[in-house]
Every structure is written in C-alpha cells, then in structure tokens.
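The values are calculated or read from the model by the stated rules, or taken from the named source; none is laboratory data. Since the structure is predicted, the reported quantities are computational estimates derived from the model, not experimental observations. No Cβ is skipped: glycine too gets one built from the backbone with ideal geometry, and neighbour counts run over all protein chains shown. The accessibility values were calculated without ligands, DNA or RNA, using every heavy atom of the protein model including side chains. Shrake-Rupley method; radii C 1.70, N 1.55, O 1.52, S 1.80 Å.
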Amino acid sequence: MHIKTIAIVGGGQAAAMAAAALRQQGFDGEIHLFSDEPHLPYERPPLSKAMLLDDTPQLQPVLSADWWRDNHVQLHLGVAVRTLGRQTQVLVLADGQSYPWDRLLIATGAAARPFPLLDTLGERCFTLRHAGDAARLRQALSPGQSIVIVGAGTIGLELAASATQRGCKVTVIELAATVMGRNAPPPIQRYLTARHQQAGVHLILNNAIEQVSEGERLTLTLQSGEQFQADSVIYGIGIVANDGLAREAGLDVANGIIIDASCTTVAPNIFAAGDVAVQRLPDGTLQRCESWENANNQAQTAVAAMLNLPLPEKTPGWFWTDQYHDNLQFVGDMQGDSWLIRGDSDAQKAIWFNLRDGVIVGAVTLNQGREIRLLRKWIQAKKKPPVAALVDETILLKSI
C-alpha cells in the first residue's frame, strides 16, 4: 500500500523529530501534527533550568517555524484529538474536524503522577511538565520564599538547584534512602547529596509528608512527626502516561502504550514513541526510558518501521542533568558496585567508570561532557581499557 498521509499526535521531542525523520528519509506525502499546546514543539529540558533562571526566558523550539513551513508539515496546534480512528483510519478532533491517515504515530508524552494530598493545595502546589507550568512556577520562586520539593529524582534535584539559585530556601523530601536512586550509581548519589547540602538545601530522606494544613503559610507534617512551614510545594514523584486515546482505540496499554522493538503497537499501522511508550523486551518485561535521547531514537525507529526501512542501530543510552553549574552526563549501564574515578569530584571535574569483568559498560562525566562521544564508542565496542591508564589524568583518554 502506498503511504499518502501520516498523522503525528503530540507536540514534544518525539513528535517533532519524527516529522524531521520522515522528510530526511524522503517521505513526500502529507504530514499532519496535532498538539494540544499552542506552541511549536519545544525542548523540555530547559523548563527546569533556563525557563526558571534566565532574565528573559524563551521557549526553545525543536525545529524552527521556517522548517515546518519549508518542509510542508501541517501543524494543528492548540487542538484536542477526540478519537484516533483505529478501524476507520480517520482521526477526529474535538471540534468535529476529521483527517484520514495511512500511518499514525502517538507521541503524547506523560503527565505528572498525581499526589492527591498536595493537589488540594491549589495554587500553592506545582508540578512541571509543560511551558505553562514553568511560567507559573517562575512567579513562585522569588528570593526568600520557603519551597518544599517532594521527590529527589532528576527533576526534583534540578528544581532544587534552580530554586536555590533564585534565592529560595529549599527543602527536599524523598521517600527513598538516597537521591536519584532510580538512575544514578552510588558515587553520583553521594556527590549530588553533598553538592545540594553545600548549597544550603535541606535534604530529608526516608520520609514522606503525612499531613498538610493551610493558613498564611503551609504547615507540613512528616511521617517522622517533624513539622515545618513553607510558602509553596513542588512535587515530582513519577509520571502517568497520556495513553487515554490509545486505550479508547483498543491498543494494549500498561501506564503507557505497549510497543515492540520497532515502536509498533498491537495495530501494525499505529506506532508510539517517547514517554508515552513502554517497550516489551524479549523476556516479556516492560521498559520505559524517560529521556530526551530516547524520544529522538524512538522517533527515528518508528519512522523507519513506518517506511519499511532498516531499523537504526541501538546505541548505549545517554542522558544528562544540569544542577547549579554542574553538568553530569550518564552513558551506558548504571547498575554496578565497582566504580572507578578519574579526576577529583571535589574540584567538580571527574569521570566515573563502571567496569564489569574489566570491560567498560557505563560512565558518568562531571563537567567533562566532551569525553562522552569517546566513552560511548568504548562501551559499544566493549573496550577493556587498562585500569591504571583509565584513572591517570596525565594520560589522554583518546590515547588509551
């Protein structure tokens, strides 16, 4: 069947990069992109940093307005999709307009997992997923304000750094025993704990908010019985996939649209990518990867599958976080107990290596991002570098 029209539902990284990949791969049919936000698809990572810290914050579009026009992609912004049309292959908007499609990509992202106890606080409670959230939060982060952040994952720590840099008094509450427990190895957890404490952040681990009361200020009571007051509270405790349209269309979902390695759903002409997607692995387990790079990679994979092209080669996973003036980049496998360090984390310049049977399987750079490309090649090649040279800063990594 000749593919004439491809519909993309979503307005984030995966959606935009899929449109770009379709044109790069030579698809010359119609492309329609539908987003419930009024903006051009924009970069999400700056929401917790530049959008809160810059004097005149501006959204960073994934692709310029000229690109969309020059590549003849029809944008439908600020619209709600009512039904995907799995059987009819006709997408219907909330206002009744309909659009036929031959292939459909769902890249609707995710929402913040709700916290009902805190959601009752209304305007003094914040989450961060979209541009509007960042604009509202920016107004609350004024100097001298007491801010409580619930969740010490990547987003929680980035917000703690941004709020501290804006002059707020910050407390972070985390149910687990460590910060970034889901995606950072122990040496990085220790480094970030010390870094935030040095900046004046009050970290409370192994605890949770049990009760809140409102007055002139918020009064928060922890499970431990400790009480303190705050002006605002922000939480980031996970995500809920925006998979409602897929569920209504009868696709397989499990807090996300279930896809295979080619980003194909149970329907062979419907694909999913980005935070809304969960991939079924060969052993049957489901895996979601919430990262900027994964959105890009899955967009490329979905497009290749749509157009019956070879799937792109898988590369070691990569993500980054910016906190204070530190840039930390993570590549490869973060699971392991044997981490070596090159450099000095106290000097805020280091690389940690994860070795398994002498083979480098993962690495984390601290303000050494220029080395990531080389480290990625090593991991992919299953390089077994000499340990003495690896940790010796007088020896250039590229010479090993």
TODO: Pull up the DSSP beta bridges for the chain and report the antiparallel fraction as a percent, rounded to 5.
DONE: 60
Task: Point-to-point label distance, Arg190-Asp392, nm (Cα→Cβ direction, 7 Å offset) - done: 2.5
Task: Sequence-distant lysines (8 or more away, or on other chains) whose Cα lies within less than 19 Å of Lys169 - done: Lys49
Task: Karplus 3J(HN,Hα) series, Hz, for segment 137-151 with 6.51 cos²θ - 1.76 cosθ + 1.60 (x for Gly, Pro) - done: 5, 4, 5, 7, 8, 9, x, x, 6, 8, 10, 9, 10, 9, x
TODO: Obtain the nm distance between the two label points defined at Gln139 and Trp67 by a simple spin-label model: each point lies 7 Å from its Cα along the Cα-to-C-beta direction.
DONE: 3.1
- [ ] Just flag the GluC sites (Glu not before Pro) in segment 295-400 sitting in loop per DSSP whose Cβ has no more than 13 other Cβ atoms within 10 Å.
- [x] Glu313, Glu393
Open item on the list: Assuming 0.36 nm per residue, please report the length gained on full extension of the stretch Ala254 to Val266 beyond their Cα-Cα distance.
Closed with: 3.0 nm
Task: Packing-based ranking, highest mean first, of 232-241, 297-306, 202-211, 249-258 given that Cβ atoms within 10 Å are counted - done: 297-306, 232-241, 249-258, 202-211
Task: Under 20 Å from Lys349, Cα to Cα: lysines that are on another chain or at least 8 residues apart - done: Lys398
Task: FRET E, pair Asp346, Thr56, Förster distance 30 Å, beta-carbon r, rounded to 0.05 - done: 0.30
Task: Modelled FRET efficiency - R0 30 Å, Thr285 with Leu307, Cβ distances, 0.05 increments - done: 0.55
TODO: Leaving ligands, DNA and RNA out of it, report the carbon-plus-sulfur percent of the accessible area of segment 299-368 at a 1.4 Å probe.
DONE: 48
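Can you tell me the accessible area per residue over segment 289-400, all protein chains present, probe 1.4 angstrom, in square angstrom? Intermediate values should be presented prior to the final figure.
Numbers: 5720 Å² over 112 residues.
Averaged over the residues of segment 289-400, the accessible area is 51 Å².
Rg over Rh of segment 258-337, using C-alpha atoms and the Kirkwood radius, what does it come to? Present the calculation step by step, with values, prior to reporting the outcome.
On the way: Rg = 14.3 Å, Rh = 13.9 Å.
When Rh is taken as the Kirkwood radius, the ratio is 1.03.
If each residue of separation counts as 0.36 nm, what is the full-extension length gain between Gln197 and Lys383 once their alpha-carbon separation is subtracted? List each step's numbers first, then the result.
On the way: separation 186, 0.36 × 186 = 66.96 nm, distance 3.64 nm.
This chain segment gains 63.3 nm when fully extended.
Take the Cβ-Cβ distance between Asn206 and Asp119 as r, set R0 to 25 Å, and report the resulting FRET efficiency rounded to the nearest 0.05.
Working: r = 24 Å, r/R0 = 0.95.
Efficiency computed from Cβ-Cβ geometry: 0.60.
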- [ ] Over segment 125-223, give the accessible area per residue in Å² for a 1.4 Å probe, as an integer.
- [x] 41
Open item on the list: Give me the extension gain from Ala111 to Gln24: residue separation times 0.36 nm, minus the current Cα-Cα distance, reported in nm with one decimal.
Closed with: 28.3 nm
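Hey, any idea what % of segment 58-136's accessible area is carbon plus sulfur with a 1.4 Å probe? Walk me through the numbers on the way to the answer.
Values: 2080 of 4060 Å².
The computed percentage sits at 51.
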Task: Simple spin-label estimate for Thr221 and Glu43 in nanometres, 7 Å along Cα-Cβ - done: 4.5
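Where does the chain land on Rg(C-alpha)/(2.2 N^0.38 Å)? Can you show the working numbers first?
Details: Rg = 22.4 Å, N = 400, 2.2 N^0.38 = 21.4 Å.
Compared with the compact-globule rule of thumb, the chain sits at 1.05.
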